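Working notes for the structure below.
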Amino acid sequence: MSGLNSISNGHEQLLVDPRTYTQHIPRPDPRKVRIYDTTLRDGEQTPGVAIPPEEKYLIARELSDLGCHILDVGFPASAPSECEALRKILAGRKKGELREDLEILVMCRAVREDIDVTVEAITSIGYSPSEVTFLVFSSASGLHCKYKLGQTLLRRISTTTKDLREIPVEEFYEANKAMVSEAIQYALARGAGKVEFGAEDASRAPLDKLLDLVHTSVNAGAFRYVFADTTGSCTPEAMRFYSEALKAEFPDIELASHVHNDFDLATMNVITGVLYGLPTFSTTINGIGERAGNAPLHSVVSALRNLYGIEIPNFRYERLAHVKDLVERITGIPVQVNEPVIGYNAFSHESGIHTHGVKICREMYEPLPYQQVGGRPRFVCGKSSGTNAVAELLRRHEEEIGCAIDPPFVLAVLREIKRLHEQRTREGRGAAFVRSYYAHLDGLGISDHETVELARDLVRQSLAVQKKPRAAAAVVAS
C-alpha cells in the first residue's frame, strides 16, 4: 500500500487502510528503530541446529545487506568454531564485505572469568575488545536470582547457610546487583568497546526490582539495556507497562527488547515495545530459536510497515524471502507452510472463490504485495479449486493439450483434479511426508542412543591406550 485509501475507484473508497486505526498511536521516528539480529546466537540454540563458521559468515553478510543494525554472534569463548566465526565477521567488516556501521556483539555472563575468556578469545584472533559490544547478562526475577544464580550469588553473601530456601530472596537481589556492577566495570576496564546489559526473565520480575537493577547497570557504565521476555510470558498489556516504565525511568539510554514466542505473541510484543519505548528489537530469521522460537524478523518488520506505517530506512524488505531460503538450507529447518509473509502458502491460492478474486485484484485476499518481501505467488489445483483457475491454466497450454478449452471440458478436467486429489489423500501421502519430516528433525541432533555409543567408544579407546604400555613393558621384560 502506498497510502491511505490506496485502492479506490474515482471518488469511491474501496477499502479502509489498516493504518487508519493506528495513526493515533505515538510512534518512534523510523530512523531510531533498530534491528538487533540474534540468528547466529539464539537462533543456533534451536534444538538440532549447528551452523559452521563459513555459513555463519554467509548469514552475517545477508543480514548486513538486509539492513540489520546489530549482529549478536554469541559466545566466542565457548568453542574454537565460534571464535573462528567472529574472526570471519570482524575481518569481513574490515574488508567492507559487511557494513562498517554494523554493530558486532558478543555475550558473557556477569562474572570475571567469562569476561576474561571472551577478551582472550577476541585478542587471540588478532582483534581488540574495543571493536565489539559486550553483552553482560544476569537475571532479573526472584526465581532466577535465587535458584539459577543461587550458588554463584551464595558465595557473595556473608552467611554460613547453604540451603537456598532459608535465605530471603532480597539478599539474592542485592548480591546480583553487586555482581552486575562489578562485571560491567570490569569489562570496560578490560577494553570492551561498549557494554550492554541484559537480564533474563525480566518480564516476570517486579518492576521496582527491575528498575533498581537497570539503574545499577547504567551507573556502572552500560549504554543499552535489553528487556528480556525469556519465557514468552509477556502479554501486549504487560509489554506496554514495562516499556513505558523503562522509557520514563531511562530516557537517555538505548532500550531494546528480546522476546520469545511461547504463546505466539512475540511479534505483537515486539511491536508494542517499539511503540511504547523499546525502539531497538531483537529478532531471528524465520523466528528460529529455543522452544517455540524468537520473534520472527519477517513478521515484525512487515507488520510495522504495513499496519503501523513504520518503514525502517534502508531495510531491504524485498530480500526477506531470499534470506529465509538461505537459513532454511543451512539449518535444515523449513518454516511452517502457512508462516506469515514468507511461508510457502503466504501467496498461494487453491479455493475457487479466492483464485477468482485474486485474478481481479490481488488486494482482495493479499494484505501486502508479494513483491514487497520477494514472495512467490502461485495457484494450486486441488479439491477446492474452481473453474476460473483451471480454465486459465488450460488455455495457457491449449496447443499442447490439443483440443478446444470450452466450459464442458474445463468441468471434466476439474472433476478429475478433485478425484485425483482425494485419491492421493486416501493413499496417505501426507501422513508419509509428516513421518519423514519428524524423522528429519530427530536426525538433526544427536540422539540418546548415539550419545551413549559415543561415550562407549571413548571408554574403549581409553582402555586400548592404557593397555599398550603394559604390553610393551611385557615384551621388554621377556
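The numbers here are math on the coordinates, done by the rules we state, and not lab data. Keep in mind it's a predicted model, so treat the numbers as computed, not measured. Every residue, glycine among them, receives a Cβ derived from its backbone with ideal geometry; neighbour counts consider all protein chains shown.
When peptides 234-244, 220-230, 60-70 are ranked by their average number of other Cβ atoms within 10 Å per residue, the highest-first order is 220-230, 60-70, 234-244.
Are there any GluC sites (Glu not before Pro) in region 418-460 that are in a DSSP loop and have at most 10 other Cβ atoms within 10 Å? List them by number.
427
For region 173-291, a Kirkwood radius taken over Cα pairs fed into Stokes-Einstein (37 °C, viscosity 0.692 mPa s) yields D = 226 µm²/s. Taking max minus min of the alpha-carbon positions on each principal axis, region 247-339 gives extents of 43, 29, 21 Å, largest first. Calculated on C-alpha atoms, the gyration radius of region 1-134 divided by its Kirkwood radius gives an Rg/Rh of 1.19.
Putting +1 on Lys and Arg Cβ atoms and -1 on Asp and Glu Cβ atoms, find which of 15, 132, 206 reaches farthest to the positive end of the dipole of the chain. The listed residue farthest towards the positive side: 132.
A dipole drawn for the chain from +1 and -1 charges on Cβ atoms has a positive end, and of 222, 92, 48 the residue lying farthest that way is 48. With 21 Å as the limit on Cα-Cα distance, the pairs of 177/209; 32/88; 32/95 that go past it are 32/88; 32/95. Charges were assigned to the Cβ only: +1 to each Lys and Arg, -1 to each Asp and Glu. The resulting dipole of the chain about its Cα centre is roughly 820 debye. Positive end of the dipole of the chain (Cβ unit charges, origin at the Cα centre): among 279, 144, 417, the Cα lying farthest that way belongs to 417.
Over what distance in Å are the Cα centres of region 116-146 and region 317-338 separated? If you average the Cα positions of each part, the centres end up 30 Å apart. Please report the net charge: other residues with Cβ closer than 12 Å to the Cβ of residue 268, K and R +1, D and E -1. For residues surrounding residue 268, the net value is -2. Return the label of the correct value of percent of Cα pairs over 34 Å apart, as calculated from the structure shown, out of [x] 33; [y] 37; [z] 48. Among [x] 33; [y] 37; [z] 48, the one derived from this structure is [z].
Across region 29-315, the relative contact order, built from alpha-carbon pairs under 8 Å that are at least six residues apart, equals 20 percent. All other residues whose Cβ lies under 12 angstrom from that of residue 223 are scored, Lys and Arg at +1 and Asp and Glu at -1, for a net of -2.
For the chain, the longest principal axis of the Cα atoms and the long axis of helix 80-95 meet at an angle of about 70 degrees.
Axis of helix 266-276 versus longest Cα principal axis of the chain: the two differ by about 80°, to the nearest ten degrees.
Distance distribution P(r), region 348-440, all Cα-Cα pairs, bin width 10 angstrom from 0: 15, 34, 31, 19, 1 percent.
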